[in-house]
1. Counting other beta carbons within 10 Å of each residue's own, what order do THR157, THR185 fall into, fewest first?
2. Give me the Kirkwood hydrodynamic radius of region 135-210, using the inverse of the mean 1/r over all pairs of distinct Cα atoms, in Å to one decimal.
3. Based on other C-beta atoms within 10 Å, arrange ARG212, ARG229 from fewest to most.
4. When N counts the residues of region 121-178, how does its alpha-carbon radius of gyration compare numerically with 2.2 N^0.38 Å, as a ratio?
5. Using only the alpha carbons, work out the radius of gyration and Dmax of region 181-254 in angstrom.
6. Output wanted: per-residue J couplings in Hz (rounded whole) for region 193-200, from phi through Karplus 6.51 cos²θ - 1.76 cosθ + 1.60, θ = phi - 60°, x for Gly and Pro.
7. Any idea how far apart ASN134 and ALA80 come out in nm if each label point goes 7 Å out from Cα toward Cβ?
8. Using modelled amide H (1.01 Å from N, peptide plane; none on Pro or chain starts), what sits under 5 Å from the amide H of LYS181, excluding residues fewer than 5 places away?
Amino acid sequence: MGGATSTESSVCTHAASGRSIVPDPICTAKRACCRSVGTYSAWLMFALAVLQGCAYYDESDRCGPHMVYNKDAHVCFCDAESVSVAGGCSPCAAGLVPMSGKCACPAGTQQNDAGACQAVAGLGDPCDATNPCNGAVYNHCAISGGASAGTCTKTCTKDDECDGAYTCADWEPTPFCKLFKGVGTTCSIPGTSDPVCTTDADYCFMGQCFVRGCAVTAGHAKDSCPKDRKCCDVSALAPGVSTACVALESKVCP
């Protein structure tokens with residue numbers, strides 16, 4: 001992207017480390033990280049807006065605790081066991097896993113009164129034309145993309161009716177609670193070749209797995225993205241990709 005300009009801001013103090021840094025205008029309190037002293041080209045800052053990630057200036061101490069550094073993007077992300085919090089990243093408690101930016105019980109389980117994750121009968125069970133979902137609650141066999149088999153879930157009208165990290169897929173003819181797998185997972189091979197990026201989030205861009213091919217809609221209604229993401233046109237950033245589900249806080253689109 002020839003002719004891109006650079007951007008600078010005044011020096012401030014990093015909340016987690018006390019180091020002097022330049023605040024990146026695209027960063028949010030959710031990640032609470034800043035770009036390096038100096039400049040970054042406008043195209044990189046625009047790309048960071050997609051990720052809601054930022055670069056650190058200290059080459060000997062690039063990232064904070066529970067973070068991983070992506071050398072190609074010059075960006076720090078939370079590791080596979082942690083989620084973004086004010087000031088950096090925090091590991092999930094034992095038994096919980098990162099899902100849609102929060103620590104939650106693994107798919108097919110939910111917290112009981114004691115706070116432990118326990119299996120939810122029927123949710124996520126395999127199903128097909130000869131093996132229907134017979135549960136009282138999770139009685140809908142969700143089969144997507146012309147596949148012959150799917151998983152048991154329940155129908156819905158809004159996200160609040162779905163368990164944990166599930167999203168109400170209200171863009172489907174029969175809306176159901178859908179679990180997007182792999183969104184935000186750290187990856188290292190750009191494009192569709194990274195084995196880490198599978199199923200729903202199959203595209204690796206600047207260190208994260210993204211859901212692509214969503215529908216840009218007015219107000220992001222029924223845009224086929226997870227409930228904590230929105231669909232934006234990213235054709236200027238990711239080669240061969242027209243749309244992708246990015247963070248709600250992203251400045252890539254309103």
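Here, each number is a calculation from the coordinates, and none is a lab measurement. Model, not experiment: these values are computed from the prediction. Cβ atoms come from the backbone with ideal geometry, glycine included; neighbour counts cover every protein chain shown.
1. Fewest-to-most ranking of THR157, THR185: THR157, THR185.
2. 13.5
3. In increasing order of surrounding Cβ atoms, one gets ARG212, ARG229.
4. After normalising by residue count via 2.2 N^0.38 Å, the value is 1.03.
5. 11.3, 33
6. Using θ = phi - 60°, the values come out as 8, 6, x, 6, 8, 10, 6, 6 Hz.
7. Label-label distance for ASN134 and ALA80, simple model: 3.7 nm.
8. Under 5 Å from the amide H of LYS181 lie the amide H atoms of ASP200, ALA201, each far enough along the sequence or on another chain.
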